[in-house]
Structures are given as C-alpha cells and as structure tokens.
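Written below as structure tokens is the structure these notes are about.
The values are calculated or read from the model by the stated rules, or taken from the named source; none is laboratory data. This one's a predicted model, so the numbers in the text were calculated from it and none came from an experiment. We place every Cβ from the backbone using ideal geometry, glycine too, and count neighbours over all the protein chains shown.
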C-alpha cells in the first residue's frame, strides 16, 4: 500500500468525522453535564487531581478516573466553555475512527474495506450520544484506547517488539481508567495470539507479549480497590433483580440495539422497555441474527471473525448480567464500542459482494449510504444543542416514554415554566401512576404554588413508593415546618440526611442539619 494514499485516506476520514459531528462545537452543556461537570468542584481545581484518580465516580461502583481527569484538563484549557469540552469529544471520536482505520489495514491488508469500516464509525448517527454528550465521552475514550491496544499488540507480535508490547499495555491501562468495558480488549488480544488460524495467520503469538497488560490489570485492580474500598464497591443497583430475568431481557435488548444500528431512526436518550414484547418481530430478529452469525462463521475471514468476537465480547458489559446502578438498559452511547465489530463485518461483506458484482456498484451504494448516515448524524447532533431541544426530541421520538416526559418536565421547571412542567408530570403519571420521582416533583411544584395539601399528598405517595428520593423528604419536612408539625419536620429532615447521596444536594444537607438543630431546641 502506498503511504501517501494511506495518509490521504486517513485525512479524508478525519474530515468526514468532523463534518458529521462539527455542529457539536456549537452545543452547550446538557443532561447530566450540569451536575457532573459544571457545578462539580473536582472539574475546576487542579489540586483535586489526586482525589479524582483515587475516588469513585458520583455513582459507585463506577470508577473512571481518566474520564474525570479529562474534564479537569478541559477546564484548565477552556474554562467552563462548553465549546472546548465538545471539541475534545469530537477529537476523541476522530482518534477512534483513525484507530479503527489502522486496525482495518492490518485485518484486511487493503485500503478499501478498511476505509469503509472506519467511515461507518465516523458518520453513523447512533454514535451521536457518545460524541455529543460530554459526560458520556468515556465510551469513545475507552474504545479509542482499546483499539490502540489491539493495533499495537498486532504490530508487536509481527515485529517481535517488546517496546510495542509495552505501548499496547499502556493503551490498555488508559482504556481501563476511561471506562471498565475496555477490559474486553484483553480476551480479544489473547485470542489473536492463541488462535492464529481464526485470523488467517500461520503461527501462534508469544503470550509473554501480554505481560504489560497483566501488569496494567494488577495496577488497575489496586487503584480500584483503594478508590472503592473493594473491587466491586457499592452493591446497590437499580438494575438488580433476578439474574435469570436479566439474562432473558436480552432477548429484547440485543435485537433492539441491532435495530438502532441498521435502522437509525427515532434516536433518543430514552428507549423504554415495553410492557409486552413484540414476539413475532423478536423471533424474526433472532432468526436474522442466527443466519448472519452462521454466515460469518461458515465463511471465516480475519476481519469478520475479529468483528464478531469484538461485538460479542463488548455486548457483555451492557447485557445487564452484572446489575449496575442505572435504570437505562438501552442507551445509544452503549453501542459505540460494540458496533465497531459490526462495521468490520459490514466491510468484509462489502468486499465479498464487490468480488461478485464489481467494485463500482458497491462503491456507489456505500457512497449513498455514507451520505445518508452523515446527514442523519449532522441533524442528530443538533438535537443536543440544549436541554430543551434534547428533551422535546425525546418526547417526539418516544411519546410513550415516562422518562422522556418526566425529563421534559424537569427541563421546563428549570426554565421557570411550572405549568408546562406539571403537564409533563401529569402525563408521566398517566403512563405510570407509580412513577415516584414524578409524584415528588409534582408535589414540589404544588408547594411552590401554595397548595400545601396537594403537595403533601403527592410527596407522601412518592416517598411511599421509593423512600430513597431524598429531595422528597426535604420538601415534606418544609411543609411540616410551615404547618407547625415539629416532630414530622425533624423526622423528614433526618430521613433526608440519611438518604441524600448526591453532591448537588450539599447545600440542602447543611440546611437540613441546621433546621434539625433549631427544631430540637424549639419548645413544644
């Protein structure tokens, strides 16, 4: 392969990725960015770097110090200007595209299909959430370093280079620090060395080349143990429940993930799990998955075998086998890393098709598909401009999603539109009468409007469903104070103090302690 053409193709890929996600540079902070970045003191003080490196994320057992440290670096470079933060996200995405390009060259040993695989990563709109959601940059960052680790390991194996093995181990370590799922790169590299024929190679690699990676795992384990007080950390998980039920749920979630890649329409931040599964569609979907898997395995090629392995292993962290503290089972950002395997498989299938019908019709079809995906990605990026745009798009895309309506209500409340917010929370409760957070928010809105009786009723109902909603206890305590129920106020303030875990509630914690002390001194 001619070096100047390879370099020109890399420049073209970077340019296309920048065009697809360039509008991100004009977006602001949205969704969880406010709490995790904007108002988080760890984002501003460079002196907090040691604490960032050796402490859990806001919600243990997440431990992603490199991602959090990157926010700290962004602030040193740009201040609290969202444009700079978004620019870094886009550059990370470009880096991942170029890393996949490098991997494709090693798997295909020709530019055409390698370019197609990287192009799909560059322009596919399902990646918009990972690129535009600043807080979600951990997905692209982990994928970038995982890809680099594999590329460097392949080169180390071919050149018998210990220096490249160490570089691969370093990239792997950085991937672990960005997000835990980067760990799946290790079994991929083991497979590359131990099963050469599966990847079109004649000899086995030297497993000793993975010594730096073993050292990286040990160092990461020590850091994680120190940060979390254990390897797992908190066992509290809203994604908990029966293991068998969680595994069976993948019967729906995996086809849904795949449908988002092949039919990227109605993209949104909330993909609800339906109460009744569309069984005929699921049967058809799994039949298609089985047929595609059989096709790849029956006609193995290095890139398609690698892609299938990469996709399958990267599904494990999002398969909810290990319960995680998240109510989001289907999120588009989760697909960023797994879909890389699909792009490699698609490129291999295109190469086979081109051998039958010629490159020109295949290239024409790829060009049309690429332009269409780029246009959708560009438009999807604009949906992330601000909270209101993002929330209204979520309701439009999934009108039956309780989380979409609830989130839009919160956005409207923050914009000062309490009437509109109440309307969205009313809709949320019509869809799900047991939505505790909607009850608490609606009760708070009623209290602000002066309707303390209605407010108390909604707050009590919400707390009865979920006693861990700290703000519900705080606002109920305020109502009890206003209505001269001293013991009730003390009880609810105390409940707030025992359930509050979010740093954003720190001012209320101080206020609650002050009120408990004052009320304790108040005569009956």
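Answer with yes or no whether residue 118 is more than 23 Å from residue 269 (Cβ to Cβ) and buried (at least 23 other Cβ atoms within 10 Å of the Cβ).
Yes; evaluated as a whole, the condition is true for this residue.
Please enumerate the residues belonging to region 474-492 that are farther than 14 Å from residue 460 by Cα and part of a helix (DSSP H, G or I).
Result: 481, 482, 486, 487, 490.
From the list 253, 261, which residue is part of a helix (DSSP H, G or I) and closer than 30 Å to residue 201 by Cβ?
Only one candidate qualifies: 261.
Return a yes/no flag: does region 258-267 have any residue that is modelled with pLDDT of 90 or more, surrounded by 15 or more Cβ atoms within 10 Å (Cβ to Cβ) and over 30 Å from residue 435 (Cα atoms).
Yes, region 258-267 contains a residue that is modelled with pLDDT of 90 or more, surrounded by 15 or more Cβ atoms within 10 Å (Cβ to Cβ) and over 30 Å from residue 435 (Cα atoms).
Tell me which helices (runs of 4 or more DSSP H) are completely within region 1-119 and hold 2 or more residues being in contact (Cβ under 8 Å) with a residue 40 or more places away in the chain, or say none if there are none. Full working, then the answer.
Working: elements: 3-21, 49-53, 65-78, 82-108.
Where helices (runs of 4 or more DSSP H) fall fully within region 1-119 and carry at least 2 residues being in contact (Cβ under 8 Å) with a residue 40 or more places away in the chain, they are 3-21, 65-78, 82-108.
Tell me, please, whether a residue that is surrounded by 20 or more Cβ atoms within 10 Å (Cβ to Cβ), over 17 Å from residue 175 (Cα atoms) and assigned by TED's automatic domain parsing to the domain that holds residue 117 can be found in region 86-95.
yes
Return the only residue of 199, 172, 195 being modelled with pLDDT of 95 or more and either touching a helix residue (DSSP H, G or I) at 6+ places or on another chain (Cβ under 8 Å) or in the same structural domain as residue 106 (by TED's automatic domain parsing) (or both).
Exactly one residue qualifies, and that residue is 172.
Pick from 320, 314: which is in the same structural domain as residue 259 (by TED's automatic domain parsing), buried (at least 18 other Cβ atoms within 10 Å of the Cβ), assigned to a loop (DSSP other than H, G, I, E, B) and in contact (Cβ under 8 Å) with a residue 12 or more places away in the chain?
Details: 314 fails: assigned to a loop (DSSP other than H, G, I, E, B).
On inspection, the qualifying residue turns out to be 320.
So which of 290, 358, 251, 307 is outside the structural domain of residue 392 (by TED's automatic domain parsing), surrounded by 14 or more Cβ atoms within 10 Å (Cβ to Cβ) and free of Cβ contacts under 8 Å to residues at least 40 places away in the same chain?
Among 290, 358, 251, 307, only 251 is outside the structural domain of residue 392 (by TED's automatic domain parsing), surrounded by 14 or more Cβ atoms within 10 Å (Cβ to Cβ) and free of Cβ contacts under 8 Å to residues at least 40 places away in the same chain.
Yes/no matrix, rows are residues, columns are (1) within 31 Å of the chain's Cα centre (by Cα); (2) free of Cβ contacts under 8 Å to residues at least 12 places away in the same chain; (3) not assigned by TED's automatic domain parsing to the domain that holds residue 40:
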position	(1), (2), (3)
416	yes, yes, yes
439	yes, no, yes
461	no, no, yes
468	yes, no, yes
475	no, no, yes
490	no, no, yes
497	yes, no, yes
510	no, yes, yes
517	no, yes, yes
